[in-house]
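The values are calculated or read from the model by the stated rules, or taken from the named source; none is laboratory data. Remember, predicted model here, so these are calculated numbers, not experimental data. When we count neighbours, we look across all protein chains shown, and the Cβ atoms used for this are built from the backbone with ideal geometry, even at glycine.
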Amino acid sequence: MKKFRAVALAIALMLPFGFSPAFADALDSAKVTGQVGEQLNGMLGAIGTPSPATQALIAEINAKRLAAFTDIAKKQGQPVATVQAVAGADFIKRTPAGQYIQNAAGQWVKK
């Protein structure tokens, strides 16, 4: 359990870096409008058919997240999938009510 706490802490500390306030605002807007949701694997997912700009935003954030997950996994001696699962649970937990998350069946539901 101690390793999982260390993984969660590493995720919390690493992921905010590299995102400008405008970038964060674009993500928040996409989430609030129901175009983007948090997946169980720690990645963002498109809901429906988002605009090309939203698709690019998702791709850019997911690339940064995967790089961070990979780095954390190496430092913690954990599989990347484990880091992603911990991150996914944390992102879903922090998602405000009314926004979309992926449930255990892989379906999009409003929290």
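Structure values in brief
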{"read-out": "Selected residue [modelled with pLDDT under 90, closer than 25 Å to W108 by Cβ and out of contact with any Leu (no Cβ under 9 Å at 6 or more places or on another chain)] from A46, A24", "value": "A24"}
{"read-out": "Close pairs from segment 29-53: first without any contact (Cβ under 8 Å) to a residue 60 or more places away in the chain, partner of a type in the set (D, E) and part of a strand (DSSP E or B), Cβ under 8 Å, at least 6 apart", "value": "L44/E38"}
{"read-out": "Considering residues of segment 60-103 that are over 20 Å from G48 (Cα atoms) and of a type in the set (S, T, N, Q) only, the residue surrounded by the fewest Cβ atoms within 10 Å (Cβ to Cβ)", "value": "T70"}
{"read-out": "In segment 35-82, residue nearest to N103 (Cα to Cα) [restricted to those that are outside any helix (DSSP H, G or I) and among the hydroxyl-bearing types (S, T, Y)]", "value": "T49"}
{"read-out": "All positions within segment 74-111 that are touching a residue at least 40 places away in the same chain (Cβ under 8 Å) and touching a Ser or Thr at 6+ places or on another chain (Cβ under 9 Å)", "value": "Q76, V83, I101"}
